[in-house]
Structure formats: C-alpha cells, structure tokens
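The values are calculated or read from the model by the stated rules, or taken from the named source; none is laboratory data. Predicted model only: the values in this text are computed from it and were never measured. As a convention, Cβ positions derive from the backbone with ideal geometry for all residues, glycine included, and neighbour counts pool all protein chains shown.
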C-alpha cells in the first residue's frame, strides 16, 4: 500500500493512501463524499486500457487514509492534492473531480495554477457555489445543509442509508442500473469513514469557487446528471461552463448523482474523448491571472 505524508496530528502522521497504475499521461481521480477511491471502479480499467497513468487517492478522513480531527476545509484539501502532485512529480495531468472532489480541482487550480495540469473534469461536482444567497439565488437554501449536519450527528449510519438511496436514485434505477449490492458496498465504505470528517466536510460544500473557476486556464469538461438529487444540476454543473475560459457541458439524461456507476459507459466515453483531444494554450483574458 502506498502513502504520502501531508502533515502531523500530535504524535501521529497524516498519511494519504493512493494507487498509481499504468503509464502515459497521468489522470488524477478525486473521489466524492463520503466514499473513497474505490468509487472509481468503473473508470480505472477504461483509463488503463486507453493508455493512461491513473492515480487515485483517498481524501483525508476517508478510505485508507488517516482520519485526523482537522483539515476538512478546501484550502487544506487542495494542499493535500498539491503535495500528492509534487511528491509523484506529475506533469501534463488531467484532474478529475467527482462531487466534493470537484472542489479540490477548482481550489487547486485557483491556488497553485496549471503548471502540472493540462485539463480538468468536473463530474456531479459542487462548484461553482452551492449556498443560496441574495447574490447567488441559484444556490441551495442553507437550512438543507443544516439538516444534513443534524442528521449526521444524530445517527450517521441511518443518514448514510437515505443519502445513498438518493445518490443512486434507487427508486428509479435500482435493479436496472444499480444493484442492492453496489449500494451496500457504498454504505460499507461510507460507514468506515471518519465520523468527524464526514460531518466537518459538509460546511466545506458551501465554499464559493467562482473566483477559482475564473482563473482556470486549461480546458474544462463538466459532466452532470439532470436528475441529480444530491448536487442539483441547476445550482452546479449547469453554471460551471460559463465561469471558465473554455468549458464544455455534457448532460446525462436521467442521470443521478452517482453517474460514474449508473451511467459509466456514457461518462467513460465523454471522459476518454476529452482526454484524447489535443490540448492547446488558452488566450489570456484581461483581468484574469
């Protein structure tokens, strides 16, 4: 098992678990909440078969990574990604962020730039800004997130059951595009995550990524299901392409949040097509750096 150390907490180190397979241009996979890098099961083989080097890691607090009591804000999470990129000396990489992982992609590029990055992909991702405010009316009411936190604190395992049902739209897609066993596997992974990290990630979803997106100077692909009950399409994926310099949107018809499983063939096709496109430098935009 491979780890990199990204910090310390009292007498212990904060280590991130990662897997590094294949050769060719690197594709870095950043998973969603409350899962782990195991959630890329349908994407990793397709990427390897197409000749890419695939790096997938577990966010702090999740999967096989350390489970510290702090560091679940996006500045820290982006720094963790930066340390991974630097430790493995990845260049010409494509960052692929699913759900919460899209926040790492946006904040990483907004903070550290694109010296190591050639392209970016947002799948069912939380940017640009999920919280509804007077100047962000497309967002989601803050009371929704308060309710999520209350439910996690009251009974995390029970909350996860309901959450994952909506994650995959089991009532509509169960037995067809997603099995009970897949949902159970996801529950097992989520239940093994840090209770503190599971709770403390929720406020991070309300981060405003609009300035990060505006600074991105590499081509961007956005893939989002129009039946996403977790990160509503209208509040997120629909808006992101208009906030980056070069963005393309792919809408998965009937797609839930967990399209990387339920609509894996469609997601993989769009992802591989995007990776094969020749990257070209984008023209600078006045006022952006």
- [ ] State the number of residues belonging to segment 194-211 that are in a loop (DSSP other than H, G, I, E, B) and either without any contact (Cβ under 8 Å) to a residue 40 or more places away in the chain or in contact with a helix residue (DSSP H, G or I) (Cβ under 9 Å, 6 or more places away or on another chain) (or both).
- [x] 5
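Hey, among 189, 178, 183, which residue is without any contact (Cβ under 8 Å) to a residue 60 or more places away in the chain, touching a helix residue (DSSP H, G or I) at 6+ places or on another chain (Cβ under 8 Å) and surrounded by 12 or more Cβ atoms within 10 Å (Cβ to Cβ)? Full working, then the answer.
On the way: 189 fails: without any contact (Cβ under 8 Å) to a residue 60 or more places away in the chain; 178 fails: without any contact (Cβ under 8 Å) to a residue 60 or more places away in the chain.
Of the residues listed, the single one that is without any contact (Cβ under 8 Å) to a residue 60 or more places away in the chain, touching a helix residue (DSSP H, G or I) at 6+ places or on another chain (Cβ under 8 Å) and surrounded by 12 or more Cβ atoms within 10 Å (Cβ to Cβ) is 183.
Using the structure shown, decide if residue 236 is out of contact with any strand residue (DSSP E or B) (no Cβ under 9 Å at 6 or more places or on another chain) and either modelled with pLDDT of 95 or more or surrounded by 19 or more Cβ atoms within 10 Å (Cβ to Cβ) (or both). Steps first, please.
Working: out of contact with any strand residue (DSSP E or B) (no Cβ under 9 Å at 6 or more places or on another chain): no; either modelled with pLDDT of 95 or more or surrounded by 19 or more Cβ atoms within 10 Å (Cβ to Cβ) (or both): yes.
No; evaluated as a whole, the condition is false for this residue.
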TODO: Look at residue 210 and say whether it is within 18 Å of the chain's Cα centre (by Cα) and surrounded by fewer than 18 Cβ atoms within 10 Å (Cβ to Cβ).
DONE: yes
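Quick check on segment 45-58. Is at least one of its residues within 29 Å of residue 159 (Cβ to Cβ), surrounded by 22 or more Cβ atoms within 10 Å (Cβ to Cβ), out of contact with any helix residue (DSSP H, G or I) (no Cβ under 8 Å at 6 or more places or on another chain) and without any contact (Cβ under 8 Å) to a residue 60 or more places away in the chain?
Just the residues of segment 45-58 that are within 29 Å of residue 159 (Cβ to Cβ), to begin with: 56-58.
From the residues that got through so far, the ones that are surrounded by 22 or more Cβ atoms within 10 Å (Cβ to Cβ) too are 56-58.
Narrowing the set further to residues that are out of contact with any helix residue (DSSP H, G or I) (no Cβ under 8 Å at 6 or more places or on another chain) leaves none.
No.
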- [ ] Residue by residue through segment 60-99, note down the ones that are out of contact with any strand residue (DSSP E or B) (no Cβ under 8 Å at 6 or more places or on another chain) and closer than 25 Å to residue 196 by Cβ.
- [x] 61, 62, 67, 72, 73, 74, 75, 76, 77, 78, 82
